[in-house]
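The values are calculated or read from the model by the stated rules, or taken from the named source; none is laboratory data. Here the structure is a predicted model, which means the values were calculated and not measured. Positions of Cβ are backbone-derived with ideal geometry, glycine not excepted, and every protein chain shown enters the neighbour counts. Accessible surface areas use protein heavy atoms only, side chains included; no ligands, DNA or RNA. Shrake-Rupley method; radii C 1.70, N 1.55, O 1.52, S 1.80 Å.
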Amino acid sequence: MPNDYKKCVVFDLDGTLADTSADLIAAANSCFRGLGFGDVLDPVADSLTAFHGGRAMLRLGFERLQHEGFDAAIDVQYPVLLEAYRQDIDTHTTLYEGAMEAVELLKSCGYAVSICTNKPEGLAQSLLERMGIRGAFDALIGADTLPTRKPDVAPYHAAVVRAGGVVERSILIGDTITDRDTARAAGVPIVLVGFGPSGDAVSSLEPDAILQHYVDLPSLVDRLIA
């Protein structure tokens, strides 16, 4: 492989780099309020569902309401949710402690760093720009950047290659079974965070490692990619 290709660390966004759950839940609740149901989802108790995406939140809410024909209702409300989220995308969102320090340390050690998320690309770009961190990443692949999304391997491959890396020397940092399945399909190591809503329960997904704090990430990456 060319000598100028780098080892690459690919990050999921929601639930991995940043806790976006409260803003996502607020966007879903705005849909339910618009339908006259009030706030159906709880920003704490339902935070794990938030990291599975807008449709998952809407499904949970409509199931909780025992709403008939909710598949059609989800289709109608999903763009409403996206617009609500776009307008208030960073009201409550915070980066996990030490995340950007770890990213910068990896870069200083010669790693390319990239994001592969199932958040629509425009929303991901907007969030990162508003948080002042878009420039820290060499590439960003969103849910609609390509025709497929995670766990299909194409978005992951693109996230690595566009950052200047090679898949064989890459690793994925994530928080859900979708990330685990993506890494397994790509044949790369998977690290799942243990500080999200799932906590140590991510061990049931059998990742190559569990990250409890970002201070440990650079040494973990060195070991797993080596």
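Can you tell me which residues in the range 20-68 are polar (S, T, N, Q), crowded, with 17+ Cβ neighbours inside 10 Å and free of Cβ contacts under 8 Å to residues at least 12 places away in the same chain? Don't jump to the end; show me each part of the working.
Looking only at the range 20-68, we keep the residues that are polar (S, T, N, Q), and these are 20-21, 29-30, 47, 49, 66.
Still in the list and also crowded, with 17+ Cβ neighbours inside 10 Å: 20-21, 29-30, 47, 49.
Residue satisfying the conditions is 49 alone.
Among 62, 51, which is more than 15 Å from residue 85 (Cα to Cα) and of a type in the set (Phe, Trp, Tyr)? Please lay out each step first, then the result.
Details: 51 fails: more than 15 Å from residue 85 (Cα to Cα).
Matching residue, one of 62, 51: 62.
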- [ ] Could you check, for the range 171-184, whether at least one of its residues is among the aliphatic types (A, V, I, L, M), within 24 Å of residue 19 (Cα to Cα) and open to solvent by 50 Å² or more (accessible area, probe 1.4 Å)?
- [x] yes
- [ ] Mind listing whichever residues of the range 198-220 are out of contact with any Gly (no Cβ under 7 Å at 6 or more places or on another chain) and closer than 24 Å to residue 22 by Cα?
- [x] 198, 199, 201
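Give 138, 216 a once-over and let me know the one that is open to solvent by 50 Å² or more (accessible area, probe 1.4 Å) and in contact with a Cys (Cβ under 9 Å, 6 or more places away or on another chain). Spell out the reasoning first.
Numbers: 216 fails: in contact with a Cys (Cβ under 9 Å, 6 or more places away or on another chain).
Just one listed residue meets the conditions, 138.
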Open item on the list: I need a count of the residues in the range 141-158 that are farther than 25 Å from residue 101 by Cβ, open to solvent by less than 50 Å² (accessible area, probe 1.4 Å), not hydrophobic (A, V, I, L, M, F, W, C) and not in a loop (DSSP other than H, G, I, E, B).
Closed with: 1
TODO: Any residue in the range 204-226 that's within 21 Å of residue 98 (Cα to Cα): show its pairings with residues that are open to solvent by 80 Å² or more (accessible area, probe 1.4 Å) and of a type in the set (Lys, Arg) at Cβ separation under 9 Å, as long as the two are six or more apart or on different chains.
DONE: 209/223
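Within the range 72-88, is even one residue open to solvent by 80 Å² or more (accessible area, probe 1.4 Å), in contact (Cβ under 8 Å) with a residue 40 or more places away in the chain and out of contact with any strand residue (DSSP E or B) (no Cβ under 8 Å at 6 or more places or on another chain)? Steps first, please.
Of the range 72-88, the ones open to solvent by 80 Å² or more (accessible area, probe 1.4 Å) are 75-76, 86-88.
Remaining after also requiring in contact (Cβ under 8 Å) with a residue 40 or more places away in the chain: 86, 88.
This time we only want the ones that are out of contact with any strand residue (DSSP E or B) (no Cβ under 8 Å at 6 or more places or on another chain), so: 86, 88.
Among the residues of the range 72-88, at least one is open to solvent by 80 Å² or more (accessible area, probe 1.4 Å), in contact (Cβ under 8 Å) with a residue 40 or more places away in the chain and out of contact with any strand residue (DSSP E or B) (no Cβ under 8 Å at 6 or more places or on another chain), which makes the answer yes.
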Task: Among the residues listed as 158, 124, the single one being small (Gly, Ala, Ser) and closer than 24 Å to residue 81 by Cβ - done: 124
Task: the range 75-90: number of residues that are among the polar types (S, T, N, Q) and either under 10 Å from residue 26 (Cβ atoms) or part of a loop (DSSP other than H, G, I, E, B) (or both) - done: 0
TODO: Please work out if residue 161 is open to solvent by 50 Å² or more (accessible area, probe 1.4 Å), farther than 18 Å from residue 117 by Cβ, hydrophobic (A, V, I, L, M, F, W, C) and not in a loop (DSSP other than H, G, I, E, B).
DONE: no
TODO: Being of a type outside the set (Ser, Thr, Tyr), in contact (Cβ under 8 Å) with a residue 60 or more places away in the chain and touching a Ser or Thr at 6+ places or on another chain (Cβ under 9 Å) is the filter; apply it to the range 173-203 and report the residue that is farthest from residue 141 (Cα to Cα).
DONE: 197
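Any residue in the range 110-117 that is within 14 Å of the chain's Cα centre (by Cα), outside any helix (DSSP H, G or I) and closer than 13 Å to residue 24 by Cβ?
Pass one, the range 110-117, residues within 14 Å of the chain's Cα centre (by Cα): 114-117.
Restricting the remaining residues to those that are outside any helix (DSSP H, G or I) gives 114-117.
Among the residues that remain, those that are also closer than 13 Å to residue 24 by Cβ are: 117.
There is at least one residue in the range 110-117 that is within 14 Å of the chain's Cα centre (by Cα), outside any helix (DSSP H, G or I) and closer than 13 Å to residue 24 by Cβ.
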Open item on the list: Looking at the structure I just gave you, is residue 94 of a type in the set (Val, Ile, Thr), in contact with a strand residue (DSSP E or B) (Cβ under 6 Å, 6 or more places away or on another chain) and open to solvent by 10 Å² or more (accessible area, probe 1.4 Å)?
Closed with: yes
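State yes or no: is residue 221 open to solvent by 10 Å² or more (accessible area, probe 1.4 Å), in a helix (DSSP H, G or I), within 19 Å of residue 114 (Cβ to Cβ) and of a type in the set (A, V, I, L, M, F, W, C)?
Numbers: open to solvent by 10 Å² or more (accessible area, probe 1.4 Å): no; in a helix (DSSP H, G or I): yes; within 19 Å of residue 114 (Cβ to Cβ): yes; of a type in the set (A, V, I, L, M, F, W, C): yes.
Considered against the rule, which asks whether it is open to solvent by 10 Å² or more (accessible area, probe 1.4 Å), in a helix (DSSP H, G or I), within 19 Å of residue 114 (Cβ to Cβ) and of a type in the set (A, V, I, L, M, F, W, C), residue 221 comes out as no.
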